[in-house]
Amino acid sequence: MNQQIIVKQFPKGWVKETDFELVQAPVPSIKDNQVLIHNQWLSLDPYMRGRLMPGKSYAASAEVGAVMVGQAAGVVIESNSKEFKVGEHVLSYSGWQSHHVANSELVKKIDVSGVPASAYLGVLGMPGVTAWTGLMGICEPKPNETVLVDAATGAVGSVVGQLAKSLGCHVVGVAGGKTKCDYAVKELGFDACIDHSSSDFKDALKLAVPSGIDCVFENVGGAIFEHVMSLMNPFSRIALCGLVSEYNAQPYGNQQIRSILVNRIKLQGFIVTDKPDTWPSIIDSLKEKVLSGHLKYKETIAHGIANTPKAFIGMLKGENFGKQLVKLD
Ligand SMILES: NC(=O)c1ccc[n+]([C@@H]2O[C@H](COP(=O)([O-])OP(=O)(O)OC[C@H]3O[C@@H](n4cnc5c(N)ncnc54)[C@H](OP(=O)(O)O)[C@@H]3O)[C@@H](O)[C@H]2O)c1
């Protein structure tokens, strides 16, 4: 049977486990040019919260009554396509389910020699490409500039910080808790990392950026972003990647907009899927770094499809440490 997590209703405020339902359906049969994939890994990502609401966004909403959307890594177990053989490892936009029938042109092969399939959902996948795109394409940091990234040990932030270090920048992270901050400095090589849950967060962040901030890779929004904006240098840049602290809440209402004017800041939002042509070369570069040991990554793994909603909510609350995944049987 195909185990599926269905969207039962769009959440109001914080997502709840009861907004989803685990159901079973027969595994569908495949037609010409299709493959049947048995998923091994589900990716959990903050953008999914945006799919759980009606209204205009850069992508269509999930549908109430349908399988929750998302990317997955799995193995082809039946093929009616010349392009795919049984046993090949692939990525697809399967959604939260154990089996997925896909047209072959929507399925991507992955090379799992040297790296696990799960890496293609994190450091070598959408989050890794996001980090590269915002840092290199928008921030364009120069050696010795100060780069700040929040959600610093997450799937995107951990790559941003390590890439910025490799460019010779002074890298400061913001993360939730001492364990995450210690990891950012001791394992990932950040120059400093400030715990946003500590009572002296604002003073500590100011001390960590004695020359001000030249480049912000913004993942969180809310009060953190507001404070960061008060520390920015003239002609600094902000790659606005995400606002995860606001996804389950009312918009924060940042009072530092004036900083953009007086500091002549370049601020650009971006969506990683805007430039699909750039993905293969970025992934190749990231893979080289992973294989040579110059790019580290961490994963938090929930087990079993039934735990997917709980793990999703946990990730939005910062319970993940690195890329959040679900391992399926
Ligand atoms: N623009 C794009 O195309 C694109 C693509 C991918 C991702 N994104 C965005 O990038 C950001 C990071 O995504 P990710 O996949 O790497 O997720 P992640 O960082 O692995 O996980 C989310 C993290 O957000 C932090 N967080 C949540 N609520 C917070 C709060 N109230 N205050 C401070 N931190 C909070 C938590 O880290 P701490 O415990 O450290 O606080 C949590 O671990 C998200 O905003 C996401 O929407 C954008």
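The values are calculated or read from the model by the stated rules, or taken from the named source; none is laboratory data. Everything quoted here is computed from the prediction, not taken from an experiment. Counting neighbours? That spans all protein chains shown, and the Cβs are built from the backbone with ideal geometry, glycine included. Ligands, DNA and RNA are stripped out before the accessible areas are found, and what is left, the full protein with its side chains, is counted by its heavy atoms. Shrake-Rupley method; radii C 1.70, N 1.55, O 1.52, S 1.80 Å.
Which one of G242, G253, G304, G269 is over 19 Å from G125 (Cα atoms) and within 11 Å of the ligand (Cβ to nearest atom)?
G269
Let me spell it out: the conditions are (1) touching a strand residue (DSSP E or B) at 6+ places or on another chain (Cβ under 6 Å); (2) within 14 Å of the ligand (Cβ to nearest atom), and T130 meets all of them except one. Which number is the exception?
In the conditions (1) touching a strand residue (DSSP E or B) at 6+ places or on another chain (Cβ under 6 Å); (2) within 14 Å of the ligand (Cβ to nearest atom), T130 misses (1) alone.
Report yes if D195 is of a type in the set (D, E, K, R), touching a Ser or Thr at 6+ places or on another chain (Cβ under 8 Å) and crowded, with 17+ Cβ neighbours inside 10 Å, otherwise no.
Judged against the criteria, D195 is not a match.
Take N263 and decide whether it is under 26 Å from the mean Cα position of the chain (by Cα), over 17 Å from G173 (Cβ atoms) and away from the ligand (no atom under 12 Å from the Cβ).
no
Give the number of residues within the range 221-244 that are assigned to a helix (DSSP H, G or I), in contact with a Phe, Trp or Tyr (Cβ under 9 Å, 6 or more places away or on another chain) and open to solvent by less than 40 Å² (accessible area, probe 1.4 Å).
So the answer is 5.
For the range 120-220, give me every one of the strands (runs of 3 or more DSSP E) that falls completely inside it and has 1 or more residues that are under 27 Å from A72 (Cα atoms) and free of Cβ contacts under 8 Å to residues at least 40 places away in the same chain.
Result: 170-175.
Contact list please: Cβ distance under 8 Å, first residue in the range 21-39 and farther than 15 Å from A306 by Cα, second residue of a type in the set (A, V, I, L, M) and open to solvent by 80 Å² or more (accessible area, probe 1.4 Å), pairs at least six apart or on different chains.
P26/M1; V27/M1
Among the listed residues F225, F235, identify the single one that is farther than 30 Å from I110 by Cα, in contact with an Asp or Glu (Cβ under 6 Å, 6 or more places away or on another chain), at pLDDT 95 or above and not small (G, A, S).
Within the list F225, F235, the selection yields F225.
Considering only the range 215-223, I want to know if a residue exists there that is small (G, A, S), under 30 Å from L52 (Cα atoms) and away from the ligand (no atom under 12 Å from the Cβ).
Within the range 215-223, none of the residues are small (G, A, S), under 30 Å from L52 (Cα atoms) and away from the ligand (no atom under 12 Å from the Cβ).
Is it the case that G157 is closer than 17 Å to G322 by Cβ, at pLDDT 95 or above and open to solvent by less than 30 Å² (accessible area, probe 1.4 Å)?
Spelling it out, G157 is indeed closer than 17 Å to G322 by Cβ, at pLDDT 95 or above and open to solvent by less than 30 Å² (accessible area, probe 1.4 Å).
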